[in-house]
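Structure, as structure tokens:
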Amino acid sequence: MAAYHPQFVHFAIALLVVGVVFRALSLLGRPAFLSAAAFTLLSLGTMAAVLAANSGTAAHGPVERVPGSRPAVEEHEEWGNRTRTVFVGVFAIEVLGLLFMRSPKRRYVQLASTLVGAIGLGCLYQAGERGGRLVYSYAGGVGIRSGDPEDVGRLLLAGLYQQAQVDRRSGRAEDAASLLAQAARRFPNDPEVQMTAAESLLVDRKDAQGALALLKSVAPPPAANRSLRIRHGLLTADALEAAGQRDGAAAVVQALVTDFPDVARLKQRLNALKAAPPTQPQ
């Protein structure tokens, strides 16, 4: 059940929000279908909230073992349980309303459902806000929800890449290069990772020859993969230019222009190579 926590949560949010709104509108007395629709939505939403809370309890183990994430997990879980409890109360009020189907007191029961439902929506917002913070600020569940090792690998790659960008912007170029070199070692068969590492050699370590060597080790992307082919070619041209091989860089870009004549930036890059003065090799 843990793996389905996101699905249960999204169903609960949609059903309960619309259900409370419909119940509030039903107090106006028209259109007539709103009251029955509100009961149905709130019943289904409460069921989804129960499943969301239970699946969240089942899912929290691996997430809270991530260093530093336990307080965020516990806070999200507390608000999730509060939301479930409040809407179970709303459901009980809705069932009570059925007993007053033909009584003038039914309106007071529906008003109570609306007021308690509004409190429930407040709890739902708090649970959702903390759930989003857990996922996006603590990577709670990201890469580990499915238990698939490939998902964990993608989480690691994303972390290495993002931290490298932070290090680069902070002036820690060597730290950025080290992280992306680690990514290249961990994912030797991923051409995009290898190209990113080659770019880091060029940008962070100013190592044009190392970048060229790494790019040469990457199998040329197929022509059908347009974006990857262009990226590989432009990186190769940048490395050649940095190494003082401007003619070679121009030849690489010319080949790209021939293959992709509709890409304006390739023509601009070619013109820049032809117009620029000679460079000193790195």
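The values are calculated or read from the model by the stated rules, or taken from the named source; none is laboratory data. Keep in mind the model is a prediction, meaning the values are calculated, not measured. Positions of Cβ are backbone-derived with ideal geometry, glycine not excepted, and every protein chain shown enters the neighbour counts.
Keeping to the range 170-196, report how many residues are farther than 18 Å from SER227 by Cβ and hydroxyl-bearing (Ser, Thr, Tyr).
At the first step, the residues of the range 170-196 found to be farther than 18 Å from SER227 by Cβ are 170-189.
After this cut, where a residue has to be hydroxyl-bearing (Ser, Thr, Tyr) as well, the list is 170, 178.
The total comes to 2.
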Here, helices (runs of 4 or more DSSP H) confined to the range 198-282 with at least 3 residues that are more than 36 Å from the chain's Cα centre (by Cα) and without any contact (Cβ under 8 Å) to a residue 24 or more places away in the chain are 246-259, 264-275
Taking the range 26-51 and keeping residues modelled with pLDDT under 95 and surrounded by 17 or more Cβ atoms within 10 Å (Cβ to Cβ) leaves SER26, LEU34, SER35
Which residue is surrounded by the most Cβ atoms within 10 Å (Cβ to Cβ), if the candidates are limited to the range 64-91 and must be among the acidic types (Asp, Glu) and modelled with pLDDT of 90 or more?
GLU77
Checked the range 130-178 for anything surrounded by 14 or more Cβ atoms within 10 Å (Cβ to Cβ) and among the hydroxyl-bearing types (Ser, Thr, Tyr); matches are TYR138, TYR161, SER178
Does the range 2-19 contain any residue that is over 25 Å from the mean Cα position of the chain (by Cα), modelled with pLDDT of 90 or more, assigned by TED's automatic domain parsing to the domain that holds LEU134 and not polar (S, T, N, Q)?
yes
Starting from the range 1-19, take each residue that is small (Gly, Ala, Ser) and list its partners that are crowded, with 16+ Cβ neighbours inside 10 Å and at pLDDT below 90, counting only C-beta distances under 7 angstrom and pairs at least six apart or across chains.
ALA2/ALA59; ALA3/ARG145
Would you pick out the residues in the range 12-42 that are charged (D, E, K, R) and under 19 Å from ALA92 (Cα atoms)?
ARG23
Pairs returned, first residue in the range 123-147 that is closer than 13 Å to VAL73 by Cα and in a helix (DSSP H, G or I), second residue that is at pLDDT 85 or above and charged (D, E, K, R), beta-carbon separation under 6 angstrom, 6 or more apart or interchain, are ARG130/GLU75
Sort through GLY56, GLY61 and tell me the only one that's within 18 Å of SER146 (Cβ to Cβ), among the small types (Gly, Ala, Ser) and surrounded by fewer than 17 Cβ atoms within 10 Å (Cβ to Cβ).
GLY61
So VAL193, is it of a type outside the set (Phe, Trp, Tyr), assigned to a helix (DSSP H, G or I), assigned by TED's automatic domain parsing to the domain that holds ALA173 and touching a Ser or Thr at 6+ places or on another chain (Cβ under 7 Å)
no
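To keep it simple, each residue is scored yes or no on (1) in contact (Cβ under 8 Å) with a residue 60 or more places away in the chain; (2) closer than 30 Å to LEU134 by Cα.
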{"position": "VAL66", "(1), (2)": "yes, yes"}
{"position": "SER69", "(1), (2)": "yes, yes"}
{"position": "VAL88", "(1), (2)": "no, yes"}
{"position": "LEU98", "(1), (2)": "no, no"}
{"position": "LEU121", "(1), (2)": "yes, yes"}
Within the range 132-146, identify whether any single residue is over 30 Å from SER178 (Cα atoms) and not polar (S, T, N, Q), and answer yes or no.
yes
